[in-house]
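Presented below is the structure to which this report refers.
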């Protein structure tokens, strides 16, 4: 370790802006464009801001201070509001703010928490947290290396979000609102290439789902997808080690990171693969485009597998509203369930023409790119998590880390 590295407290390295924070009750907030931050990130958007710039937010309370399911320290940039559940600091003339974020990610803060039921990190205790600080130039270099990985992960997330929104908008236009058909009915230009516009009829007719294009039909979801149900795996086989293969449960769907493994091979089991449409069958129903590792499917999770003539992009958008309808009409008082009987009633609009094929050809490559981006981001996150403690401790030299990151990102 370089001799210029030395231990400093967080209070010695930061300016504190907690006095500027202003909590606003949900009932008193007015919706707007500015993020409203709490202990673990954005909790709302409001019509005003308290800060404008780059700051570090550090959770003041909440169970996440112990579990650290999400980062306890995170950057906030631009114009934003902060309530009193997050400390707000900025690096002083001896510290880089983003370097401090990474240092806190590697730090053990458990000894600075108070509260037996609800953990709390007071400003006084926060200021006492010791961090190993190199010279400012090296702090910035370390922050740049780790930030390059995080920036690429964020770029992938935004790109995926955009592609997903584009596919959703096109599905809504063609298969829900029937915009090209309505344009033809009103004598307007559908705004599509002629070879695509010609695929749409010029009249709507009644159906069990309301008006649909003439010549189209309403059919079962099974005409576009097979539904594959998971199998029960004995909890005795669960292991957090490297034995066996990942087991995908409902709780794993948002993060796409299975937290348990099983060596059991179930005769009726199904292995989820990247690109599958995975749906949880308890609680809130969501259709996830899986981008995580391959893993066995738990019995409370199912997969909608597109037929050869369909696509994941079409199937996912076709079932989103059906899932929302089940959730809205469930009468269970505790946990709501999605069963086979519910799925049997799923109805979708079928074009019976080349319209669906055109949609698939346009949108499925977008979905494929989303899955690729998710896999790339997982690799980048693994590399970041491996480099972070070594860089923060001075064990790994900056130039060596730069070479590794350049080979991966470029």
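Please treat every number below as a calculation from the coordinates, not as lab data. Note that the structure is predicted; figures quoted are calculated from it, not measured. Every residue, glycine as well, gets a Cβ built from its backbone with ideal geometry; the counts of neighbours run over all protein chains shown.
Could you grab the relative contact order for the chain? Cα pairs under 8 Å, six or more apart, rounded to a whole percent. Here the relative contact order equals 15 percent. Here the stretch 287-376 is described by how far its Cα atoms reach on the three principal axes: 42, 35, 19 Å, from widest to narrowest. What do you get for the angle between helix 355-393 and the principal long axis of the chain? Use alpha-carbon atoms, 0 to 90 degrees, nearest ten. On a 0 to 90 degree scale, this one is about 10. The angle between the Cα long axis of helix 398-409 and the longest principal axis of the Cα atoms of the chain comes to about 0 degrees, rounded to the nearest 10. Listed by Cβ neighbour count within 10 Å, with the fewest neighbours leading, 277, 129 appear as 129, 277. For the chain, modelled as a Gaussian network with Cα springs under 10 Å, which listed residue fluctuates most, 348, 46, 371? It is 46.
Taking the square root of 5 times each eigenvalue of the Cα gyration tensor, what semi-axes in Å does the equivalent ellipsoid of the chain have, largest first? Kindly include the intermediate steps, with their values, before the conclusion.
Numbers: eigenvalues 411, 135, 102 Å².
Taking √(5λ) for each Cα gyration eigenvalue gives 45, 26, 23 Å.
Using the 10 angstrom Cβ neighbour count as an exposure proxy, how do 69, 9, 14 rank, fewest first? Can you show the working numbers first?
Details: 69 10, 9 14, 14 22.
Ordered from fewest to most neighbouring Cβ atoms within 10 Å, 69, 9, 14 come out as 69, 9, 14.
Per-residue Cβ neighbour counts within 10 Å put 245, 63 in the sequence 63, 245, beginning with the fewest. Helix 97-106 and the longest principal axis of the C-alpha atoms of the chain enclose an angle of approximately 90°. For the residues 132, 56, 209, a GNM of the chain with alpha-carbon springs under 10 Å puts the largest fluctuation on 209. Report relative contact order for the stretch 6-133 in percent, whole number only (criteria: Cα-Cα under 8 Å, sequence separation at least 6). In percent, rounded to a whole number, it is 34. Of 237, 366, 81, which has the largest mean-square fluctuation in a 10 Å C-alpha GNM of the chain? With Cα springs under 10 Å in the chain, the top fluctuation among 237, 366, 81 is at 237.
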